[in-house]
């Protein structure tokens with residue numbers, strides 16, 4: 001049998017522009033932008049039976065075997081490495097494996113390696129590295145296995161893999177990594193789609209509509225420069241989101257107000273992007289910052305750190321708009337500034353540096369994951 005050629009696929013990271021926290025609940029909208037930092041996955045024929053997984057972020061290779069549709073470590077150290085460092089990669093491989101099995105095809109045997117630009121010496125920037133690696137893994141394993149999947153099918157497989165590990169994950173990073181550019185996104189009902197895949201099969205889950213889900217490309221704001229500042233401190237999105245679940249805030253009048261306000265400024269932001277109303281977009285981003293600050297104060301989550309507050313203040317001082325991107329508590333903040341006001345941009349970057357925020361040379365990635 002002729003060996004299949006090596007397949008390389010990559011997926012960009014993402015930043016939330018507006019709608020984080022609310023988007024976790026099915027049907028609520030958010031706006032995201034893909035960024036030009038990538039996770040690259042390379043898949044080739046294996047040198048031994050089974051699946052081997054390696055990464056520039058892992059201390060060594062994990063050697064795996066298929067067991068009843070799941071990947072397991074060949075030895076106890078491999079099992080530990082698989083669950084601690086390769087959980088998302090394994091989930092993506094297993095999900096593609098389920099689709100192959102439904103089509104009467106064998107489980108894939110492969111060597112898979114991961115390299116990431118979404119970290120700094122092992123510390124994540126907050127660009128959705130877990131989502132990007134799932135998107136790139138699904139695409140690479142599917143292509144290596146001879147599957148020809150649409151963009152929507154690749155997203156759905158990535159969502160099924162992610163939801164199995166993180167039921168509260170919105171999947172916005174998966175959509176940004178798949179479609180690229182600026183997008184409006186609504187999360188599906190993850191419990192419903194997992195149940196659909198379990199009862200009717202993955203093939204059926206790729207075919208039927210998903211409750212609450214939508215992805216729509218948006219035009220980029222050509223007159224505004226997207227500036228990104230990194231606080232140097234990683235944050236746990238799952239911990240911050242689950243922090244709301246543990247508090248009496250969820251389901252309260254304040255929570256309902258937050259969701260209603262978030263939906264309003266996300267819709268208004270999307271309208272502003274489509275009309276090239278850049279002043280209108282800046283107003284909505286400021287509203288988004290204010291609403292995040294309100295729930296931060298009420299729920300005591302720690303969304304705004306001193307560095308993220310300094311990042312926002314510096315941008316607004318020159319007429320721009322800024323906010324934490326994602327769950328906050330560290331990671332990155334974004335600012336939208338007049339693209340032609342080079343002195344203002346330089347001033348903001350200088351103020352960020354003084355406040356301990358590292359300006360990153362990030363630009364939108366207009367192309368998503370390849371077929």
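Matching residues to (1) more than 25 Å from the chain's Cα centre (by Cα); (2) within 23 Å of residue 267 (Cβ to Cβ); (3) assigned by TED's automatic domain parsing to the domain that holds residue 266; (4) part of a strand (DSSP E or B):
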position	(1), (2), (3), (4)
11	no, no, no, yes
17	no, yes, no, yes
26	no, yes, no, no
35	no, no, no, yes
39	no, no, no, yes
42	no, no, no, yes
65	yes, no, no, yes
81	no, no, no, no
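Here is a yes/no grid of residues against (1) crowded, with 19+ Cβ neighbours inside 10 Å; (2) modelled with pLDDT of 95 or more:
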position	(1), (2)
84	no, no
88	yes, yes
93	yes, yes
104	no, yes
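Checked against (1) over 15 Å from residue 23 (Cβ atoms); (2) part of a loop (DSSP other than H, G, I, E, B); (3) touching a strand residue (DSSP E or B) at 6+ places or on another chain (Cβ under 9 Å), residue 140 meets all criteria but (2). Report yes if some residue within region 90-101 is in a loop (DSSP other than H, G, I, E, B) and in contact with a helix residue (DSSP H, G or I) (Cβ under 9 Å, 6 or more places away or on another chain); otherwise report no. Scanning region 90-101, I find no residue that is in a loop (DSSP other than H, G, I, E, B) and in contact with a helix residue (DSSP H, G or I) (Cβ under 9 Å, 6 or more places away or on another chain), so the answer is no.
Anything in region 162-184 that is assigned to a helix (DSSP H, G or I) and more than 13 Å from the chain's Cα centre (by Cα)? List them, or say none. Those that are assigned to a helix (DSSP H, G or I) and more than 13 Å from the chain's Cα centre (by Cα): 164, 165. Residues considered: 299, 276, 342, 314. Of these, the only one that is farther than 24 Å from residue 185 by Cβ and surrounded by fewer than 23 Cβ atoms within 10 Å (Cβ to Cβ) is 342. Where strands (runs of 3 or more DSSP E) fall wholly inside region 305-366, the ranges with 2 or more residues that are closer than 20 Å to residue 30 by Cβ and touching a strand residue (DSSP E or B) at 6+ places or on another chain (Cβ under 9 Å) are 321-324, 332-338.
Among the numbered conditions (1) assigned to a helix (DSSP H, G or I); (2) over 26 Å from residue 179 (Cβ atoms); (3) touching a residue at least 60 places away in the same chain (Cβ under 8 Å); (4) touching a strand residue (DSSP E or B) at 6+ places or on another chain (Cβ under 8 Å), the only one that residue 284 does not meet is (2).
Taken over region 23-36, the residue count meeting the criterion of being surrounded by 24 or more Cβ atoms within 10 Å (Cβ to Cβ) and within 19 Å of residue 167 (Cβ to Cβ) is 2. Among the residues of region 143-158, at least one is part of a loop (DSSP other than H, G, I, E, B), surrounded by 20 or more Cβ atoms within 10 Å (Cβ to Cβ), modelled with pLDDT of 95 or more and in contact with a helix residue (DSSP H, G or I) (Cβ under 7 Å, 6 or more places away or on another chain).
The values are calculated or read from the model by the stated rules, or taken from the named source; none is laboratory data. Since the structure is predicted, the reported quantities are computational estimates derived from the model, not experimental observations. All Cβ positions, glycine included, derive from the backbone under ideal geometry; neighbour counts span all protein chains shown.
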